[in-house]
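Structure first, then comments.
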Amino acid sequence: MEEEKNKMVRKELLRISNLVTSFCINGHYYAAVDGVSLGINENEVFAIVGESGCGKSALALSILNLHNKAHTKVEGNIYFKGKDLLTLSTEELNKIRGRDIGMIFQDPLTALNPLMKIGAQIEEALFYHASMNSRSRKKRALELLEQVGIQNPGLTYSQFPHELSGGMRQRAMIAIALSCKPSLVIADEPTTALDVTIQAQILDLLGRLQKEIKSGIILITHDLGVVAEMADRVGVMYAGQLVEIADVKEIFLNPLHPYTRSLFASMPNSPAGGRGDKRLPVIEGMVPSLLNIERQGCRFAPRIPWIPASYHEEVPQYHRVKEDHVVLCSCYKNFYLRKGRG
């Protein structure tokens, strides 16, 4: 009952409306994010899942307008606390980046500055966004390093990124992202390339810190186990589009879009996955490249040839199955046509 009450009083932090992010290739723009709309609430973990190349990271970078403007075009609206981030100047955005919205990048080794010590990188955010003297900034940096589970904060404070293990670099990245207690945290594959033990520690850390500062979290991942453990709601992304959005329990119990069902079926421990002497199902084909995405019709159609073309919508629309469960394209009603599938 208390959990339901907390959900009811959550306020919306972020509203993305018809976002299109296009990259320039050989003089032509191709949309990596195409017409995405969604909302993120405070104190909520919203997971975005999908295969590599589906546009998840492009979406994340678009929120903070971090794409190279010389080769990228971002259209639509991204409202954060009522302000459209896409209309703000760089100076105005810099007041929000790090302070109100924190970002945990996919690869901390490349995201961290190799020429700056870890302590200085944490203090940099505090210098720009918090009214602290140098002594207070150092104290806060050490507290953050301890908070993210680093056993010797004093040593790590004075080390360079290359001197740390992958797990420690990820923890340092989280410390930087959370240094100003942001309202929204974007975590782009926060456990990539980490061993299972470190992954569990990082996820536990994120969940604990999120509860402490009541932040909204956009969790980008391809790991459905992580989604089941952490998320409140889930958006499934394919070829630049969100094909299904639902509550985490609903989407695990009742996945509807053929792509969502295919992802779940490819999990070894899923009801539809491989068991015993059965082979693990695989999703036929590949995510299309930007140059080859069909802009009309259902983009997943080429990978489910057993569903006739007539069962797909020429212009796919969202279908509201339940209050908080929407699916793109009517093909979700016909995924059972081929025996043994789904």
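Brief remarks follow.
- Number of positions in region 144-155 that are closer than 19 Å to residue 211 by Cα and part of a helix (DSSP H, G or I): 4
The rows are residues; the columns are (1) assigned by TED's automatic domain parsing to the domain that holds residue 296; (2) modelled with pLDDT under 95; (3) of a type outside the set (Ser, Thr, Tyr); (4) in contact with a Cys (Cβ under 7 Å, 6 or more places away or on another chain).
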residue	(1), (2), (3), (4)
17	no, no, no, no
20	no, no, yes, no
32	no, no, yes, no
42	no, yes, yes, no
79	no, no, no, no
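- Residue check for residue 142: farther than 21 Å from residue 42 by Cα, surrounded by fewer than 19 Cβ atoms within 10 Å (Cβ to Cβ) and in contact with a Phe, Trp or Tyr (Cβ under 8 Å, 6 or more places away or on another chain): yes
- Of all residues in region 46-72 being assigned to a loop (DSSP other than H, G, I, E, B) and either among the polar types (S, T, N, Q) or touching a Cys at 6+ places or on another chain (Cβ under 9 Å) (or both), the one that is surrounded by the most Cβ atoms within 10 Å (Cβ to Cβ): 65
- Here residue 141 fits the description: in contact with a helix residue (DSSP H, G or I) (Cβ under 6 Å, 6 or more places away or on another chain), small (Gly, Ala, Ser) and in a helix (DSSP H, G or I).
- Per the listing 116, 173, 132, the residue uniquely of a type in the set (A, V, I, L, M) and modelled with pLDDT of 95 or more is 116.
- Among the candidates 83, 95, residue that is of a type in the set (Lys, Arg), free of Cβ contacts under 8 Å to residues at least 60 places away in the same chain, within 19 Å of residue 218 (Cβ to Cβ) and out of contact with any Gly (no Cβ under 7 Å at 6 or more places or on another chain): 83
- All of (1) in contact with a helix residue (DSSP H, G or I) (Cβ under 8 Å, 6 or more places away or on another chain); (2) crowded, with 20+ Cβ neighbours inside 10 Å; (3) outside the structural domain of residue 324 (by TED's automatic domain parsing); (4) aliphatic (A, V, I, L, M) hold for residue 251 with one exception: (3).
- Out of 198, 176, sole residue that is buried (at least 22 other Cβ atoms within 10 Å of the Cβ) and either of a type in the set (Ser, Thr, Tyr) or assigned to a helix (DSSP H, G or I) (or both): 176
- Among residues of region 230-241 that are surrounded by 24 or more Cβ atoms within 10 Å (Cβ to Cβ), those with a Cβ under 6 angstrom from a residue that is hydroxyl-bearing (Ser, Thr, Tyr), sequence gap 6+ or separate chain, pair up as 236/260; 238/259.
- Scope region 320-341; condition assigned to a loop (DSSP other than H, G, I, E, B), modelled with pLDDT under 85 and surrounded by fewer than 16 Cβ atoms within 10 Å (Cβ to Cβ); matching residues: 338, 339, 340
The values are calculated or read from the model by the stated rules, or taken from the named source; none is laboratory data. None of the values given here were measured: they were computed from a predicted structure. Neighbour counts run over all protein chains shown; Cβ positions are idealised from the backbone, glycine included.
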